[in-house]
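The values are calculated or read from the model by the stated rules, or taken from the named source; none is laboratory data. Small disclaimer: the values here were computed from a predicted structure and weren't measured. No Cβ is skipped: glycine too gets one built from the backbone with ideal geometry, and neighbour counts run over all protein chains shown.
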Amino acid sequence: MNFALFWKSMLVQLVSVVVLFLLLRLLLPHSFFEDWGWLSGPVAWLLCAVITSRVLKLPQWPVVLGAILAGLPSVIFVLVGLHAVGPLVGVLFFGLWCGYRVPSGPSSH
């Protein structure tokens, strides 16, 4: 396990998610998220994973795959009404994926 990559990937993903959330919250009405949150949330999560791969110079596709897999457990929290917990769980699993599975080194797109 690469603990440095675990922590860095969690931090970059978390910051990316928070910044994008705040930006969208300022620019779009609440009704947008009620109608389109099911689509915009996962797309934003994947966009943040691409940002994380770029910032940390990691291969993009393994990072995006990790984001998809890490996002699945977070859906459970969203479905039971604990929406704020979902992304935190996702970030934890994403960091574990990156720390265990993503080779560090030059990015391959």
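Points worth noting:
- Checking each residue in segment 24-47 for being surrounded by 12 or more Cβ atoms within 10 Å (Cβ to Cβ) and among the charged types (D, E, K, R) picks out only Arg25.
- If you go through segment 56-78 and keep only what is among the β-branched types (Val, Ile, Thr) and surrounded by 14 or more Cβ atoms within 10 Å (Cβ to Cβ), you end up with Val63, Val64, Ile68, Val75, Val78.
- From the options Val19, Val12, Val64, residue that is over 19 Å from Val89 (Cβ atoms) and among the β-branched types (Val, Ile, Thr): Val19
- Flag for Ser53 being surrounded by 15 or more Cβ atoms within 10 Å (Cβ to Cβ), without any contact (Cβ under 8 Å) to a residue 40 or more places away in the chain and closer than 28 Å to Asn2 by Cα: no
- Looking across segment 75-85, the residues that are within 15 Å of Ser40 (Cβ to Cβ) and either touching a Leu at 6+ places or on another chain (Cβ under 9 Å) or among the β-branched types (Val, Ile, Thr) (or both) come down to Val75, Val78.
- Assessment of segment 100-109 against the conditions (modelled with pLDDT of 95 or more and not aromatic (Phe, Trp, Tyr)) yields no matching residue.
- Within segment 1-23, being more than 13 Å from Cys48 (Cα to Cα) and either surrounded by 12 or more Cβ atoms within 10 Å (Cβ to Cβ) or in contact with a Phe, Trp or Tyr (Cβ under 7 Å, 6 or more places away or on another chain) (or both) holds for Met1, Asn2, Leu5, Phe6, Trp7, Lys8.
- Candidates Leu88, Leu39, Leu65, filtered to the one that is in a helix (DSSP H, G or I), at pLDDT 95 or above and of a type in the set (A, V, I, L, M, F, W, C): Leu65
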